[in-house]
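First the structure, in the form of structure tokens, and then the observations on it.
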Amino acid sequence: MGTMRSLRFISAEALVSHPQVARQSLDSVAYNLYPLLFKASYLLEQAEVTRAVLGRWPLEEFRLGALLGPSADHPQDLRDRACRACLEALVRGLADHVLQDRSRRRLRVADLTGIRDVQVQRCPCGRALGKWGRTRLLARTCCELQAEPLAAGRPVEVLADLFVTEGNFEAVVQALRPAGPAPLRVHCPSFRADSLSPSQLLHVLRLAGPGALRKLEVVHNVRLHAGHVQQLLAQVGFPRLASLTLPTKAFDAPPACASTPDGEDRLLASIARELSKMTQLTELSVAFSRLTGKIPTLLGPLQTPLRVLDLANCALNHADMAFLADCAHAAHLEVLDLSGHNLVSLFPSTFFRLLGQAARTLRILTLEECGIVDSHVGMLILGLSPCHRLRQLKFLGNPLSARALRRLFTALCELPELRCIEFPVPKDCYPEGAAYPQDELAMSKFDQQKYDEIAEELRAVLLRADREDIQVSTPLFGSFDPDIQETSNELGVFLLQAFKTALENFSRALRQIE
């Protein structure tokens, strides 16, 4: 497929460029041209045409991802344009559609998934509407429609990826549990939660159609312990879940059974049993949970091999690593994060056995802050050399010298699919004899000029090997996360609230002592 637009698409663009004419002539346009008119209006950001096209949509299905993706008529992919003007117009058009006379309503399914949130918006207005904003917009629209007197008729099934926090919780709950007849029925294939209490999370997930949920991300500021996780999995149940992310400390024992190790083990075994009922689960992220010695119990019962496993900063021990190296999951892993463990110095044989098992499938490997030093580089090169499918290697926060990095880069040039390397600030860039910094603030105080020189040398290594297809960088403050970006204000308020509560508890305790 070249970059050629078809004559049909060029005609659609011409029509859309005259919004008034376009709106007046929609009734006489052939049904099979509506998808082209939609994409053309989205491309040119003609929001009023987008709204009108949706309002009159003559087909039974509207699938946003497919409509914005590459097609024979227009090969450009617009799925990474989360354009605020167009998306707001789309949802308003959907509301217009269900409010019109029953005889004109054709739409049965509106699938609003498939948008990719990226750092730089390429739409003309440059203003994005992220996943949280899209969730709020859809929820508010549903609530407004619930208040309208409506002609009876079949509701439109709306598929949407929801991102729920304290800030849009009430609207989402009302949208998911309408009191009376509702023209839009929201179904959610993927659900992300942040800044909610455990009880709010349980409540909204029960309403969100857990039987059909494919992806669940509970992150950062949802304070769960192992008791909550067990309750969530056992009482709500997610039979079709393929991907599960749990927040920091999600496997800590609840206060009640902190003193009894057997109570803690029973809880973990129960969680593992619930996970084993999810026969489609292939992605599990449990970073920043203390899981020392618990990996066999947690992953042993799983029915399906995992393709994605994030065990960053889980305080793994030898038994955990030995289990991982020999388990059924190892030969299927595509994405693996073992950051925060001194793998090469503490578990060299099991770590390299695990790499060997995963070599045929592994695409993304993250080994940040793993205490990898110059003397480990030879072993690391040997361990990575069979990983021919590897596309991304991330190893920030390891105290390596420029010389060791050059040697490693020379070897990495041999991996044919490699496209991205995130490497640490070389230790040559910090004062001589000083310990390699561990926190972000100290890490960011380095000799920039020296860093630029070394980074240039490393790029030259790639260039000489004819590998300019590999991107290299040192993102000190983490990779771009659109969801965190979008809700940072709310997260800040949430953290301040938590801090304030802690202070109040502290002063109450002081008063009691007095």
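The values are calculated or read from the model by the stated rules, or taken from the named source; none is laboratory data. Because the structure is a prediction, the values reported are computed rather than measured. Because the Cβ atoms are built from the backbone with ideal geometry, glycine has one as well, and the counts that use them run over all protein chains shown. For the accessible areas, the whole protein counts, side chains as well, though only heavy atoms, and no ligand, DNA or RNA atoms are used. Shrake-Rupley method; radii C 1.70, N 1.55, O 1.52, S 1.80 Å.
Run the accessible area of the chain with a 1.4 Å probe and give the carbon-and-sulfur part as a rounded percent.
Numbers: 12780 of 24230 Å².
Solvent-exposed carbon and sulfur of the chain make up 53 percent of the total.
Using the basic label-point model (7 angstrom from Cα toward the beta carbon), what is the Q100 to R403 distance in nanometres?
Taking the simple label geometry, Q100 and R403 are separated by 7.4 nm.
Along the positive direction of the dipole of region 15-129 (beta-carbon charges: Lys, Arg +1; Asp, Glu -1; about the Cα centre), which of L112, H97, V29 reaches farthest?
The Cα lying farthest towards the positive end belongs to H97.
In whole percent, what relative contact order does region 15-129 give with Cα contacts below 8 Å and a gap of six or more residues?
Here the relative contact order equals 31 percent.
Tally Lys and Arg at +1 and Asp and Glu at -1 over the other residues with C-beta under 15 Å from the C-beta of A322: what net charge comes out?
0
Treat every Asp and Glu Cβ in region 278-372 as -1 and every Lys and Arg Cβ as +1, leave all other atoms uncharged, and give the resulting dipole magnitude about the Cα centre to the nearest 20 debye.
Its charge dipole is roughly 180 debye.
List the residues, sorted by chain then number, that are 5 or more residues from R192 or on another chain and whose placed amide H is less than 5 Å from its amide H.
L162, F163, V164, E217
Measure out, as a whole number of angstrom, how far apart the alpha-carbon centroids of region 10-84 and region 111-159 sit.
Computed from Cα coordinates, the inter-centre distance equals 17 Å.
Quick check for me: using +1 on Lys/Arg Cβ and -1 on Asp/Glu Cβ, what's the dipole size of region 15-129 about its Cα centre, in debye to the nearest 20?
Details: 17 positive and 13 negative charges, 37 e Å.
Dipole of region 15-129, to the nearest 20 debye: 180 debye.
From the Cα gyration tensor of the chain, with a ≥ b ≥ c the square roots of its eigenvalues, which class applies: rounded if a/c is under 1.5, or else prolate if a/b is larger than b/c, or else oblate?
It comes out oblate by the Cα gyration axes.
Counting only helical runs of four or more DSSP H residues, what would the 222 nm mean residue ellipticity of the chain come to if each run contributes -39,500 (n - 2.57) and the total is spread over all its residues?
Result for the chain, helices only: -12500 deg cm²/dmol.
If I take every Cα pair under 8 Å that is 6 or more residues apart in region 144-293, average their sequence separation and divide by the length, what percent do I get for the relative contact order?
20
I need to check one value: relative contact order of the chain, counting alpha carbon pairs closer than 8 Å and at least 6 residues apart, in percent.
7 percent.
What's the extension gain from L7 to A328 if we count 0.36 nm per residue and subtract their Cα-Cα distance?
Numbers: separation 321, 0.36 × 321 = 115.56 nm, distance 5.26 nm.
Length gained between L7 and A328: 110.3 nm.
Using the Cα gyration tensor of region 15-129, with a ≥ b ≥ c the square roots of its eigenvalues, what is the shape: rounded (a/c below 1.5), prolate (a/b larger than b/c) or oblate (neither)?
Verdict is prolate for region 15-129.
Need one word for region 34-97: rounded, prolate or oblate. Basis is the Cα gyration tensor (sqrt eigenvalues a ≥ b ≥ c); a/c below 1.5 gives rounded, then a/b vs b/c decides.
Verdict is oblate for region 34-97.
Note down the net charge around R389, summing +1 for each Lys or Arg and -1 for each Asp or Glu among other residues with Cβ under 11 Å from its Cβ.
Around R389, the charge tally is +1.
Give me the 1.4 Å probe accessible area per residue for the chain, excluding ligands and nucleic acids, in Å².
Heavy-atom accessible area per residue stands at 47 Å².
Filter the cross-link list K39/K215; K249/K445; K394/K450 down to pairs whose alpha-carbon distance in this structure exceeds 24 Å. Each step should come with its number before you reach the end.
Working: K39/K215 28 Å; K249/K445 30 Å; K394/K450 21 Å.
Beyond 24 Å: K39/K215; K249/K445.
Grab the other residues whose beta carbon is less than 9 angstrom from that of L43, score K and R as +1, D and E as -1, and report the net.
0
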